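Each remark here refers to the structure printed beneath this line.
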Amino acid sequence: MQDKEQLNLKLIQKCPVCSSDYIDNHMEIIEENDRSFLAYLSCGFCSSNIIVRVVTMPHGLIGNAILTDLGPIEVLEYSHTENIKGDNVLEAHTMISRDSNFIEKLKKS
């Protein structure tokens with residue numbers, strides 16, 4: 001998949017923050033499988049970072065990119081955590097509504 005990755009990353013040529021050209025050595029493939037890859041790009045001019053996920057589908061490529069302040073290792077750590085479910089949100093809401101000082105206690109810890 002290495003040749004496809006190089007071709008696909010060429011589609012992302014400019015930094016979305018400052019419009020500077022990306023330099024090849026500031027691009028890193030941090031995860032891949034036979035249908036997709038996750039890339040981390042850093043702008044050499046403004047130091048902004050983006051995460052790019054490209055997935056090969058039967059009808060073509062689908063890609064998403066987001067700005068991030070995470071480093072490549074942190075991105076990998078978060079990509080392997082469990083998804084947040086509706087029950088998790090409801091549980092957090094219940095905890096917050098039961099204790100009016102919950103947020104303050106959370107800030108102190």
Out of all the residues in region 73-82, is one or more farther than 23 Å from ASN33 by Cα and in a helix (DSSP H, G or I)?
no
Taking region 12-27, which residues are modelled with pLDDT under 75 and loosely packed, with under 11 Cβ neighbours inside 10 Å?
ASP24, ASN25
When you go through (1) of a type in the set (Gly, Ala, Ser); (2) assigned to a helix (DSSP H, G or I); (3) touching a strand residue (DSSP E or B) at 6+ places or on another chain (Cβ under 6 Å) one by one for SER97, which number turns out not to apply?
(3)
Can you tell me which residues in region 48-65 are within 17 Å of CYS15 (Cβ to Cβ) and surrounded by 12 or more Cβ atoms within 10 Å (Cβ to Cβ)?
SER48, ASN49, ILE50, ILE51, VAL52, GLY63, ALA65
Over region 33-62, the set of residues assigned to a strand (DSSP E or B), over 20 Å from SER20 (Cβ atoms) and in contact (Cβ under 8 Å) with a residue 24 or more places away in the chain is PHE37, LEU38, VAL54, THR56, LEU61
Just a yes or no: is a residue in region 88-98 in contact with a helix residue (DSSP H, G or I) (Cβ under 8 Å, 6 or more places away or on another chain), modelled with pLDDT of 90 or more and surrounded by 11 or more Cβ atoms within 10 Å (Cβ to Cβ)?
no
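The values are calculated or read from the model by the stated rules, or taken from the named source; none is laboratory data. Remember, predicted model here, so these are calculated numbers, not experimental data. When we count neighbours, we look across all protein chains shown, and the Cβ atoms used for this are built from the backbone with ideal geometry, even at glycine.
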